[in-house]
Amino acid sequence: MRRCWKCLAATAGLVPVAGLLIAWLGLVPVGATGGHWAVTEWFLHWTMRSSVRTAALGIEKPASFEKEAHLRVAAAHFETGCAECHGSPVERRSAEVLAMLPPPPDLKASIRQWKDEELFVIVRDGLRYTGMPAWPGRERENEVWSMVAFLRELPDMNAARYQELAGGMSAGKGSAFSSCLSCHSQSREDGDDGSPVIAGQSELYLKQALNAYIDGDRESGFMEVAVSKLEPSDIVDAAHHFSNRTGGKLSAKVTAPAVDTRVLTLVHTGDPVQKVAGCNACHDGRNPRYPLLAGQSRSYLRQQLLLFRSGGRKESATELLMSQAVRNLSDDDVERLAAYYASIPSTGTPR
């Protein structure tokens, strides 16, 4: 009996040594041409699904994540950052992509297998050993939910609907700022959209914002992917181009709110008791370091105010000031300010 235990112990010790020797000799194939054994593929897929299911426990889905304003920005990002691997209603995957191991899934066929919370985990965290990256802006969970909303609609999306959401994907091709036009063309800035109006903003502000994304000082999965394709000269050209365009149109989907004493106080003087600064102290158009707010969409303004209030945008001294200025705004104040600025036209004068 004692001899048997010794044999088992010796075998247990030799197994890892043998495994290391086989690996060191290069006898384990790592090429993608042969694929996985069926049992290996099953085990890896089963492990992945189990991991995603567990990671999704306790995640709460926002009530408004399926809004149209969010879908449009997500569709433009999908076209530039995801369609090459996963295909789209207007583009088939290439032979090179299909030769990957494992090949990226056809999302139109597989998306319904996942719950919204599980899709959130996959988009946010990515998947190891598959080429699926994590979301670049780690603090921007609102953007991840926008992608989930888009992916949920993708299986039933036809080419016309996809092109409508993606914002005219061929617009501006060949120019230094073609990626900007996917979200920031004049036609996309008309309505309650999730993209900001950048036409008519100052050249200085636009350069600062773009460089902040490139340097990693400002987080946004959408923008970090878009600006990664730009050269320094492209930044200069894009800032010059958009600063010399007429400001965006008044949102057609937002009716003018009743202008009450509270919103006018917040805009012009702030609330000293609540330690809330007046918006016009920086955003009246006189200082080119700060963006114009008039004519921005309600959805975008609400999103940015909430990010500042929660501390999700602390990329520079300027943004730290903004976070301090709005940290005591109530939810009602956020809604009032977003509605107010969305309901008044921009200056229309390039800066």
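Within the stretch 180-202, restricting attention to residues that are polar (S, T, N, Q) and either over 30 Å from Tyr340 (Cα atoms) or touching a His at 6+ places or on another chain (Cβ under 9 Å) (or both), which residue is modelled with the highest pLDDT?
Ser195
Which of (1) in contact with a helix residue (DSSP H, G or I) (Cβ under 9 Å, 6 or more places away or on another chain); (2) within 19 Å of Pro291 (Cα to Cα); (3) at pLDDT below 90; (4) open to solvent by less than 50 Å² (accessible area, probe 1.4 Å) does Val225 not meet, given it meets every other one?
(2)
So that you can scan it fast, the table gives a plain yes or no per residue for (1) more than 28 Å from the chain's Cα centre (by Cα); (2) without any contact (Cβ under 8 Å) to a residue 60 or more places away in the chain; (3) surrounded by fewer than 14 Cβ atoms within 10 Å (Cβ to Cβ); (4) farther than 30 Å from Leu181 by Cα:
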| residue | (1), (2), (3), (4) |
| --- | --- |
| Ala18 | yes, yes, yes, yes |
| Val28 | yes, yes, yes, yes |
| Gly35 | yes, no, yes, yes |
| Ala83 | no, yes, no, no |
| Pro89 | no, no, no, no |
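Just checking, does the stretch 243-251 include any residue being in contact with a helix residue (DSSP H, G or I) (Cβ under 7 Å, 6 or more places away or on another chain) and at pLDDT 85 or above?
yes
Can you tell me which residue among Ala63, Ala23, Ala74 is outside any loop (DSSP other than H, G, I, E, B) and surrounded by fewer than 15 Cβ atoms within 10 Å (Cβ to Cβ)?
Ala23
Residues are listed down the side, and each one gets a yes or a no for (1) at pLDDT below 90; (2) basic (Lys, Arg); (3) closer than 22 Å to Glu335 by Cβ; (4) open to solvent by less than 40 Å² (accessible area, probe 1.4 Å):
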residue	(1), (2), (3), (4)
Asp217	yes, no, no, no
Ser220	yes, no, no, yes
His241	yes, no, no, no
Val276	yes, no, yes, yes
Ala294	yes, no, yes, yes
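Quick check on the stretch 37-60: of everything there that is in a loop (DSSP other than H, G, I, E, B) and among the small types (Gly, Ala, Ser), which residue is most open to solvent (accessible area, probe 1.4 Å)?
Step by step, filter the stretch 37-60, then rank; the result is Gly58.
Hey, can you tell me all the residues within the stretch 202-245 that are of a type in the set (Asp, Glu) and without any contact (Cβ under 8 Å) to a residue 24 or more places away in the chain?
Of everything in the stretch 202-245, just one residue is of a type in the set (Asp, Glu) and without any contact (Cβ under 8 Å) to a residue 24 or more places away in the chain, namely Asp215.
Just to be sure, is Tyr162 modelled with pLDDT of 85 or more, crowded, with 17+ Cβ neighbours inside 10 Å and over 27 Å from Ile344 (Cβ atoms)?
Yes.
The values are calculated or read from the model by the stated rules, or taken from the named source; none is laboratory data. Note that this is a predicted model, so its numbers are computed, not measured. Positions of Cβ are backbone-derived with ideal geometry, glycine not excepted, and every protein chain shown enters the neighbour counts. These accessible areas exclude ligands, DNA and RNA; they are computed on the full protein's heavy atoms, side chains included. Shrake-Rupley method; radii C 1.70, N 1.55, O 1.52, S 1.80 Å.
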